[in-house]
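Step one of this worksheet: look at the structure below.
The values are calculated or read from the model by the stated rules, or taken from the named source; none is laboratory data. Quick caveat, the model's predicted, so the values are computed rather than measured. With ideal geometry, Cβ positions are generated from the backbone for all residues, glycine too; neighbour counts draw on all protein chains shown.
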Amino acid sequence: MADCLLWKLQSRNPSEVSFLFGSMHVKDKRAIELAKPAMDLLSKLDVLYLEVNPLELDPSAMSSAFKLPEGLVLRDLYPEKSYERLKVSLIKYAGIDPDMYTGFLPLYLLNLAYESMLSTDYGYPMDILFFNLAREKGLTIQGLETFEEQLSKFNEVPLKVQANALMDLSRRYTSHRRKLKELFHEYLDQNIHTLYRKNKNQLGPLRKPFLYDRNFLMADRISDSIVGNNSLFVVGAAHLSGKYGLIRLLRSSGIKITPVS
């Protein structure tokens with residue numbers, strides 16, 4: 001299997017041609033340049049599929065989804081001294097004061113911290129740039145998953161696991177930033193196999209709900225969606241490779257899939 005971010009999908013009908021692109025949720029101009037060939041395809045296509053359709057997201061529902069259970073605040077998840085150390089570290093390294101997010105899940109703060117580790121050349125991350133461009137061109141926009149389906153995966157992560165992950169990041173921020181930058185450079189080199197392996201290893205016991213289960217779901221929906229449509233499917237690059245990756249799953253369903261150089 002080639003190391004490539006952009007793939008051509010063909011069903012049994014030769015007139016139906018779609019594409020699959022591996023994205024990364026970043027605002028760095030170097031990554032956005034890699035997405036330009038896929039963005040250029042939008043003028044020739046009918047539908048853009050993202051992992052989740054932003055048009056279906058309710059901001060108030062999203063905010064509520066990342067809130068701690070009623071009556072619980074972030075400080076309750078840690079011994080007092082541990083929380084104070086976490087607070088000092090997050091402010092120092094990520095510019096995030098956890099007291100400003102006291103009612104939010106640790107996973108929410110984790111995402112904020114990771115976003116602070118990479119360049120922000122653009123005002124929006126890559127997937128939203130795809131979304132905005134598709135709207136400008138009048139394409140239909142769909143989601144491969146619903147917001148509720150994605151949220152259910154977050155709900156499978158116990159609070160203790162979330163709290164420990166945030167504490168580990170605060171203690172080893174430099175190490176986490178280095179590993180994220182290594183992943184980013186693997187993305188720039190289009191090393192989809194390495195991206196898959198590293199993401200799989202980092203997910204540990206959560207790889208089944210966050211990676212494998214989602215791949216099976218998205219592969220089924222891509223297989224159904226390419227019939228009668230010429231579409232672009234934009235998913236996280238870590239979903240492409242692997243035994244249960246989208247490329248292998250789509251091929252096993254009878255779709256011809258080839259890299260676009």
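Descriptive notes on the structure:
- Meets criteria (loosely packed, with under 14 Cβ neighbours inside 10 Å and part of a loop (DSSP other than H, G, I, E, B)) for Ser241: no
- Long-range neighbours under 6 Å by Cβ, at least six apart or interchain, first residue under 15 Å from Ala165 (Cβ atoms) and assigned by TED's automatic domain parsing to the domain that holds Arg178 within the stretch 90-104, second outside any helix (DSSP H, G or I) and of a type in the set (Gly, Ala, Ser): Ala94/Ser116
- Breaking point among (1) touching a Phe, Trp or Tyr at 6+ places or on another chain (Cβ under 7 Å); (2) assigned by TED's automatic domain parsing to the domain that holds Asn132; (3) of a type in the set (Phe, Trp, Tyr), for Phe184: (1)
- Residue in the stretch 95-102 that is assigned to a helix (DSSP H, G or I), within 30 Å of Leu48 (Cα to Cα) and not basic (Lys, Arg) present: no
- Filter result for Leu133 (assigned by TED's automatic domain parsing to the domain that holds Ser175, under 30 Å from Leu20 (Cα atoms) and surrounded by 13 or more Cβ atoms within 10 Å (Cβ to Cβ)): yes
- One residue from Leu250, Leu232, Leu180, Leu206 being assigned to a strand (DSSP E or B) and on the phi < 0 side of the Ramachandran plot: Leu232
- Checked against (1) touching a residue at least 60 places away in the same chain (Cβ under 8 Å); (2) surrounded by 16 or more Cβ atoms within 10 Å (Cβ to Cβ), Tyr122 meets all criteria but (2).
- The residue that is surrounded by the most Cβ atoms within 10 Å (Cβ to Cβ), among those in the stretch 5-23 that are among the aliphatic types (A, V, I, L, M) and modelled with pLDDT of 95 or more, is Leu20.
- Per the listing Leu50, Leu86, Leu41, Leu34, the residue uniquely buried (at least 19 other Cβ atoms within 10 Å of the Cβ), over 25 Å from the mean Cα position of the chain (by Cα) and touching a residue at least 40 places away in the same chain (Cβ under 8 Å) is Leu86.
- So Leu166, is it surrounded by 15 or more Cβ atoms within 10 Å (Cβ to Cβ), in the same structural domain as Leu86 (by TED's automatic domain parsing) and without any contact (Cβ under 8 Å) to a residue 24 or more places away in the chain: no
- Members of the stretch 179-188 that are of a type outside the set (Phe, Trp, Tyr) and within 13 Å of Glu115 (Cα to Cα): Leu180, Lys181
- Which numbered condition Ser152 fails, given (1) surrounded by fewer than 15 Cβ atoms within 10 Å (Cβ to Cβ); (2) modelled with pLDDT of 90 or more; (3) under 30 Å from Val73 (Cβ atoms): (2)
- Flag if Lys92 is exposed (fewer than 13 other Cβ atoms within 10 Å of the Cβ), charged (D, E, K, R) and in a helix (DSSP H, G or I): yes
- Selection count where residues are on the phi < 0 side of the Ramachandran plot, in contact (Cβ under 8 Å) with a residue 60 or more places away in the chain and surrounded by 13 or more Cβ atoms within 10 Å (Cβ to Cβ), scope the stretch 183-194: 6
- Answer from Arg178, Arg171 - the residue that is surrounded by fewer than 17 Cβ atoms within 10 Å (Cβ to Cβ) and at pLDDT below 95: Arg178
- Here is the figure for the stretch 1-46: residues that are part of a strand (DSSP E or B) and out of contact with any Cys (no Cβ under 9 Å at 6 or more places or on another chain) total 12.
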